[in-house]
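For reference, the structure discussed in these notes is given below.
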Amino acid sequence: MTKKVLLIGTSPRLNGNSNQILKEFEKGAKESGNETEIIYLNDKKTNFCKGCLVCQKTLKCVINDDVKEIIEKMKTSDVIVWATPIYYYEMSGQMKTLIDRTNPLFADKYNFRDIYLIMTAADTGDYSGDGCIKGLQGWIDCFDKTTLKGIIKGFGLENPNDIQNRKEILIEAYEKGKNV
Ligand SMILES: Cc1cc2nc3c(=O)[nH]c(=O)nc-3n(C[C@H](O)[C@H](O)[C@H](O)COP(=O)(O)O)c2cc1C
């Protein structure tokens, strides 16, 4: 079955490690016949949630910025792939800001079911993404039709192009994309 796969790159480094892994995931997903789109947050205006909760009644956010279009795309996707650098052992602030802004979808009908997470960190330790996984799982638990289907750990990557010396991670992303 063809799926609509939305990939969200949250790093401010457009050609950094997490976005390069994301592109490989997309390549795999596209090659197996799915409809794909990547959104990069680096050039998007994403303000903080105001906490007004108007969205729980109107299903619309009161803030006029690029997030409106992003959450419309999220709503109609079957699969969402998040890519984030690890910042202080958590997801990036950019990713958390967008997660908070998905609040209109909490009260709405949404299609997405399968969530994937790509993380990159300088640290090589397997624990490096634990805070990020916990944070994302909190969002997934609230959107209770969704599950965390796969995690890609790009650890031991510091400079933007370090991923090019770790082809096995790019292959893993491609394969996961193919089987999405
Ligand atoms: C503000 C900031 C905080 C960071 N915090 C961590 C950290 O807690 N642990 C770690 O291993 N790497 C940390 N890093 C390094 C990045 O996670 C690493 O360079 C990663 O590969 C960046 O991914 P990107 O190229 O996709 O942006 C931090 C980098 C920045 C800029």
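Worth pointing out:
- Amide hydrogen neighbours beyond the local backbone of Ser92, cut-off 5 Å, H modeled: Tyr87
- Gaussian network model of the chain, springs between alpha carbon atoms under 10 Å - residue of Gly93, Gly33, Gly51 with greatest fluctuation: Gly51
- Choice from Asn64, Asn15, Asn47 with maximal GNM fluctuation in the chain (Cα, 10 Å cutoff): Asn64
- Backbone phi angles across region 12-28, fed through the Karplus curve with coefficients 6.51, -1.76 and 1.60 (θ = phi - 60°), yield HN-Hα couplings of x, 8, 4, 9, x, 5, 5, 6, 5, 5, 4, 5, 5, 4, 4, 4, x Hz in residue order; Gly and Pro are listed as x.
- Whole-Hz couplings from phi, Karplus 6.51/-1.76/1.60, listed for region 140-149; x for Gly and Pro: 4, 5, 6, 8, 6, 8, 9, 9, 7, 8
- Largest to smallest principal axis extent of the C-alpha atoms in region 91-160, angstrom: 39, 22, 18
- Under conditions of 25 °C and 0.890 mPa s, the chain yields 150 µm² s⁻¹ as its translational diffusion coefficient, taking Rh as the Kirkwood radius over Cα pairs in the Stokes-Einstein equation.
- Whole-Hz couplings from phi, Karplus 6.51/-1.76/1.60, listed for region 154-159; x for Gly and Pro: x, 9, x, 10, 10, 7
- The apolar share of the surface of region 66-180, taken as the fraction of accessible area on carbon and sulfur atoms (1.4 Å probe, ligands and nucleic acids excluded), comes to 50 percent.
- Segments 122-134, 68-80 sorted - mean Cβ within 10 Å per residue, highest first: 68-80, 122-134
- FRET efficiency, 1/(1 + (r/R0)^6) with R0 25 Å, evaluated for Ile38 and Asp108 via beta carbons: 0.60
- Average accessible area per residue (Å²) across region 4-178 - probe 1.4 Å, nucleic acids and ligands excluded: 48 Å²
- Charge dipole of region 4-178 (Cα centre as origin; +1 on each Lys and Arg Cβ, -1 on each Asp and Glu Cβ, all else neutral): 540 debye, rounded to the nearest 20.
- With DNA, RNA and ligands ignored, accessible area of Phe143 (1.4 Å probe; Å², nearest 10): 10 Å²
- Gaussian network model of the chain, Cα within-10 Å springs - most flexible of Ile86, Ile38, Ile21: Ile38
- 32 Å Cα-Cα threshold exceeded, pairs from Lys45/Lys109; Lys50/Lys167; Lys109/Lys134; Lys57/Lys176: Lys50/Lys167; Lys57/Lys176
The values are calculated or read from the model by the stated rules, or taken from the named source; none is laboratory data. The model shown is predicted, which means the values in this text are computed figures rather than measured ones. Please note: Cβ atoms are built from the backbone with ideal geometry, for glycine as well, and neighbour counts cover all protein chains shown. Keep in mind that these areas ignore ligands, DNA and RNA; they rest on the heavy atoms of the full protein, side chains included. Shrake-Rupley method; radii C 1.70, N 1.55, O 1.52, S 1.80 Å.
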